[in-house]
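To keep things clear, I will list the structure first and then write my remarks on it.
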Amino acid sequence: MALQLKKLDIDMKGALDDFIADWKDEEIIPSTLQKYTGNIDEFLAHLDTLENDPPRLMVPGTLLFLTEGEEIIGAYEIRHFLNSGLMKYGGHIGYGVAPKHRGNGYAAKMIEMSMPLLKQLQLDKVLLCCVSENVASAKSILNAGGVLENEVEIIRNNQPKIGQRYWIDMK
């Protein structure tokens with residue numbers, strides 16, 4: 001079956017529940033998924049708010065899912081522009097691949113498939129970030145044309161980490 005990048009709908013509840021369950025004790029990424037409590041209607045309303053009328057200090061964002069058939073392989077959040085916090089670390093894109101599907105190039109595929117959507121936002125360049133220890137994510141970003149700008153100190157899960165900031169030229 002072909003891979004698709006699509007928005008969540010009510011018929012995807014079972015697939016979303018399975019996707020979330022696969023993360024077990026890991027921090028689920030993108031972080032927007034941490035707001036899912038099992039109530040699909042509430043979560044869809046939350047996503048609509050985030051995309052069209054986000055709370056103060058947040059930026060509009062679109063959450064998409066990489067699917068194959070009825071299964072969710074990964075999730076991808078496109079932030080429409082950056083605030084100061086996202087400029088330091090976070091970037092335009094947050095993505096995660098279900099643990100059971102890692103190592104198969106799906107992160108790189110999500111980045112590739114999202115380029116037309118990013119171009120619609122008329123961005124000259126796109127910021128992607130990952131922690132330095134996530135070699136697979138860094139490789140996916142580099143394979144998509146990302147160029148490492150710098151490394152910054154961040155706090156992740158209450159632990160100090162080194163975050164890497166990559167830019168992809170959209171011109």
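Report the gain in length on full extension from Gln120 to Ile155: 0.36 nm times residue separation, minus Cα-Cα distance, nm rounded to one decimal.
On the way: separation 35, 0.36 × 35 = 12.60 nm, distance 3.20 nm.
The Gln120-Ile155 span can extend by a further 9.4 nm.
Which whole-number value in Å² is the accessible area per residue of the chain, probe 1.4 Å? Walk me through the numbers on the way to the answer.
Numbers: 9420 Å² over 171 residues.
Here the residues of the chain average 55 Å² of exposed surface.
Using a/c under 1.5 as the rounded threshold, could you call the range 106-168 rounded, prolate or oblate? The axes a ≥ b ≥ c are square roots of the C-alpha gyration tensor eigenvalues, and prolate needs a/b larger than b/c, oblate otherwise.
Numbers: a/c = 2.17, a/b = 1.75, b/c = 1.24.
It comes out prolate by the Cα gyration axes.
Does the range 14-57 classify as rounded, prolate or oblate by the C-alpha gyration tensor (a ≥ b ≥ c root eigenvalues; a/c under 1.5 gives rounded; else a/b over b/c gives prolate, otherwise oblate)? Show your work: numbers first, answer last.
Details: a/c = 3.09, a/b = 1.61, b/c = 1.92.
Oblate shape, in that a/c is at least 1.5 and b/c is the bigger or equal ratio.
Among Arg56, Arg79, Arg102, which one shows the highest mean-square fluctuation when the chain is modelled as a Gaussian network with alpha-carbon springs under 10 Å?
The residue with the greatest mean-square fluctuation here is Arg56.
Pick out which of Asn83, Asn134, Asn158 has the largest mean-square fluctuation in a Gaussian network model of the chain, springs linking Cα atoms closer than 10 Å.
In the Gaussian network model the winner is Asn158.
Please list, by residue number, every one of the GluC sites (Glu not before Pro) in the range 66-171 that is coil in DSSP and has at most 14 other beta-carbon atoms within 10 Å. The partial results should precede the final answer.
Values: sites: Glu68, Glu70, Glu71, Glu77, Glu112, Glu133, Glu149, Glu151, Glu153; in loops: Glu70, Glu133.
When the GluC sites (Glu not before Pro) of the range 66-171 are filtered for loop state and at most 14 Cβ neighbours within 10 Å, Glu70, Glu133 remain.
What is the percent carbon and sulfur in the accessible area of the chain, measuring with a 1.4 Å probe over the protein chains and ignoring ligands? Mind showing how you got there, number by number?
On the way: 4690 of 9420 Å².
C and S atoms contribute 50 percent here.
Gaussian network model of the chain, Cα springs within a sub-10 Å range: biggest mean-square fluctuation belongs to which of Leu121, Leu82, Leu50?
Leu121
Tally Lys/Arg at +1 and Asp/Glu at -1 over every other residue whose Cβ is under 12 Å from the Cβ of Lys88; what's the total? List each step's numbers first, then the result.
Working: positive: Arg165; negative: Glu149, Glu151, Glu153.
Here the count lands on -2.
Cα-based count: Lys pairs in the range 22-171 below 21 Å, eight or more positions apart or different chains?
Value for the range 22-171: 15.
Compute the distance in nm between two label points, each set 7 Å from the Cα along the Cα-to-Cβ direction, one at Leu142 and one at Glu112.
So the label points at Leu142 and Glu112 sit 1.8 nm apart.
Under the classification rounded if a/c is under 1.5, otherwise prolate if a/b is larger than b/c and oblate if not, where does the chain fall, given a ≥ b ≥ c as square roots of the Cα gyration tensor eigenvalues?
Values: a/c = 1.34, a/b = 1.27, b/c = 1.06.
Here the chain falls in the rounded category.
Could you work out [θ]222 nm for the chain from helices alone, using -39500 (n - 2.57) per DSSP H run of at least four and dividing by all its residues? Round to the nearest 500 deg cm²/dmol.
Numbers: 5 runs with 52 residues, N = 171.
Calculated at 222 nm, the ellipticity per residue is -9000 deg cm²/dmol.
The values are calculated or read from the model by the stated rules, or taken from the named source; none is laboratory data. Predicted, not measured: the structure shown is a model, and the values here were computed from it. Counting neighbours? That spans all protein chains shown, and the Cβs are built from the backbone with ideal geometry, glycine included. Areas reflect the complete protein model, heavy atoms only, side chains present, ligands, DNA and RNA absent. Shrake-Rupley method; radii C 1.70, N 1.55, O 1.52, S 1.80 Å.
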